[in-house]
Amino acid sequence: MNEASFMGYRRPDGSIGVRNHVLILPSIFCTDHVVSQIAAMVRGTVAVQHDHGCGQLGIDIEQTERTLIGIGKNPNVAAVVVVGLGCEQLSAPYIAAKIAESGKPTAHVVLQEDGGTLQTMAKGCRIAAEFVREASQLKREPASLGALIIGTQCGGSDATSGMAANAALGVVSDRVIEAGGTALLTETSEFVGAEHLLVQRAIDEKVAGQIIKIVDIVEARAEAMGVDWVGSQPSPGNVAGGLTTIEEKSLGAIYKGGSTPVRAVIRYAEPPPTHGLVIMDTSSDDVASPVGMAAGGAQVILFTTGRGTPVGLPICPVLKITGNPRVAQAMAESIDFDASPILKGMPLLESGQRLFQELLQVVNGKLTYAEIFGFQDFSIDRLGPVL
Amino acid sequence: MLSEAAVVVFDPADNVATAKTNLATGDDIGLNDVEGESVPLNDPIPFGHKVAIRPIPEGAWVVKYGACIGRATRAIAVGEHVHVHNMVSVRGKVRS
């Protein structure tokens, strides 16, 4: 095993998982509780809970559909049981059929058609149990880092995010890309004030124009609300941590993506069309943005935090990094990597190299604190009202 | 010379430094005024917060990471805390 490879689960579509979950997925929020009951019954499964799937319009329902299908197709997922109600906009058979295109075992159950709530639960449990038996036979095998998509995220930022944690993560993004892999940079509102630096790194005019466009849209959307960003971006905790303006926060935030050219700009939950650094247009929501990246195929999220946060995803390890020495101790049970030695003089490249080693351990199976404590947060960016 | 243990300056163009530890009023972190005289801190600077290392006139850009992070809402002297009370973002505003 050298630094350019890891041990992962090879899926029928050729993608490589770093985890081996059987996913119980609601096609509609009405089945959230049934899904959680199935997951509680069947060891080896993970449940997603969400509040989407009906009463949505146009690009908003398309985004939900893309997200649910993408989460099912994520390489960390060995098999999927989609649970539907029966009268919803996004039907369980449809979502399951789209996920099944990846070749992984996929099934669906529908409450209104499978004998009611309890019988559907039982049917779902039986299917999930068989899927777990199959998945438990799968073995990790060597894979290239070129198969890896890392998602980068910051949440609860303070001044140490730009000084240490995001900078160390940038080193890792560069290393993964150098090895042929992909890094996703998200949180479009946190490009504001730093977009000129991303535009300079765009591989062509089309990508440059897309970067400007997504920033324009997020500013216009906020302006349509008729209020300034003050109090929201940066957040009160960001301000307490020394970040005064969105420009300052953004300049520190974009370090996460490293220093390589921006090769593409994609929509929320869309698979990256190329290796290298790719921008995904998401909100700065600490859960919805990582979920968008997971739906785009990211197998692992590297999450920097200056103030500290416990969040985790159902299907991806979320490797938490802080540059704040106080938080590294005070929230030790949520922090997987301490980048704060940079503030005491550790060279950035050395900290980045150590973080890269931690990433390799995590993709090889080392559990993150968010996984150990069972954090399974899930949220999807909304683009429109619910009718 | 600015104390590397006390603050970090990210870019030669910056007119603010960021505190690497909690700093107190009167601390000498190596700041000088335009005549080269030593300037003690005017304000306490909490960990992660910014201190002016050059005079910043009212309306001028505040520069960190070599980029503009907002404008001074009043003149800021060397050694003063730079934050929401004396600078403001130019983005994310409703255009009137």
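The values are calculated or read from the model by the stated rules, or taken from the named source; none is laboratory data. The model shown is predicted, which means the values in this text are computed figures rather than measured ones. A quick note on method: Cβ atoms are made from the backbone with ideal geometry, for glycine too, and the neighbour counts reach across all protein chains shown.
Before moving on, here are some points about what is shown:
- Residue within segment A:28-38 that is out of contact with any strand residue (DSSP E or B) (no Cβ under 7 Å at 6 or more places or on another chain), outside the structural domain of residue A:175 (by TED's automatic domain parsing), crowded, with 24+ Cβ neighbours inside 10 Å and touching a residue at least 12 places away in the same chain (Cβ under 8 Å) present: no
- Residues in segment A:11-62 that are more than 30 Å from residue A:365 (Cβ to Cβ), assigned to a helix (DSSP H, G or I) and hydroxyl-bearing (Ser, Thr, Tyr): A:31 alone.
- Being in contact (Cβ under 8 Å) with a residue 12 or more places away in the chain, over 23 Å from residue A:240 (Cβ atoms) and in contact with a Lys or Arg (Cβ under 7 Å, 6 or more places away or on another chain) holds for only one residue in A:261, A:314, A:271, A:290, and it is A:261.
- Qualifying residue in segment A:230-252 (condition: of a type in the set (D, E, K, R) and either surrounded by fewer than 23 Cβ atoms within 10 Å (Cβ to Cβ) or at positive phi (or both)): no
- Tally, over segment A:189-211, of residues that are under 25 Å from residue B:93 (Cα atoms) and either outside any helix (DSSP H, G or I) or more than 14 Å from every other protein chain (Cβ to nearest Cβ) (or both): 7
- Of all residues in segment A:253-271, one or more are small (Gly, Ala, Ser), more than 13 Å from chain B (Cβ to nearest Cβ) and either farther than 25 Å from residue A:309 by Cβ or surrounded by fewer than 17 Cβ atoms within 10 Å (Cβ to Cβ) (or both).
- Selection within segment A:71-93: residues that are without any contact (Cβ under 8 Å) to a residue 60 or more places away in the chain, outside any strand (DSSP E or B) and farther than 26 Å from residue A:150 by Cα. The member of this set that is nearest to the chain's Cα centre (by Cα) is A:93.
Quick grid of which residues meet (1) facing chain A (nearest Cβ under 10 Å); (2) modelled with pLDDT of 95 or more; (3) under 9 Å from the mean Cα position of the chain (by Cα):
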residue	(1), (2), (3)
B:46	yes, yes, no
B:52	no, yes, yes
B:62	yes, yes, yes
B:72	no, yes, no
B:77	no, yes, yes
B:82	yes, yes, yes
B:87	yes, yes, no
B:90	yes, no, no
B:96	no, no, no
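- Members of segment A:47-66 that are under 15 Å from residue A:291 (Cα atoms) and either polar (S, T, N, Q) or touching a Lys or Arg at 6+ places or on another chain (Cβ under 9 Å) (or both): A:49, A:52, A:63, A:64, A:65, A:66
- Boolean, residue A:156 is assigned to a loop (DSSP other than H, G, I, E, B), more than 14 Å from every other protein chain (Cβ to nearest Cβ) and touching a helix residue (DSSP H, G or I) at 6+ places or on another chain (Cβ under 9 Å): no
- Selected residue [within 14 Å of chain B (Cβ to nearest Cβ), small (Gly, Ala, Ser) and closer than 30 Å to residue A:15 by Cβ] from A:220, A:183, A:165, A:147: A:165
- Checking the stated criteria, residue A:278 turns out not to satisfy the condition of being in contact with a helix residue (DSSP H, G or I) (Cβ under 8 Å, 6 or more places away or on another chain), crowded, with 22+ Cβ neighbours inside 10 Å and under 26 Å from residue A:147 (Cα atoms).
- Inside segment B:2-21, residues that are within 9 Å of another protein chain (Cβ to nearest Cβ), touching a residue at least 40 places away in the same chain (Cβ under 8 Å) and assigned to a strand (DSSP E or B) make up a count of 1.
- Which listed residue, of A:311, A:300, A:327, A:318, is of a type in the set (A, V, I, L, M) and either surrounded by fewer than 21 Cβ atoms within 10 Å (Cβ to Cβ) or under 21 Å from residue A:69 (Cβ atoms) (or both): A:300
- Considered as a group, the residues in segment B:47-96 that are in contact with a strand residue (DSSP E or B) (Cβ under 8 Å, 6 or more places away or on another chain), among the hydrophobic types (A, V, I, L, M, F, W, C) and in a loop (DSSP other than H, G, I, E, B) include one that is surrounded by the fewest Cβ atoms within 10 Å (Cβ to Cβ), and that residue is B:77.
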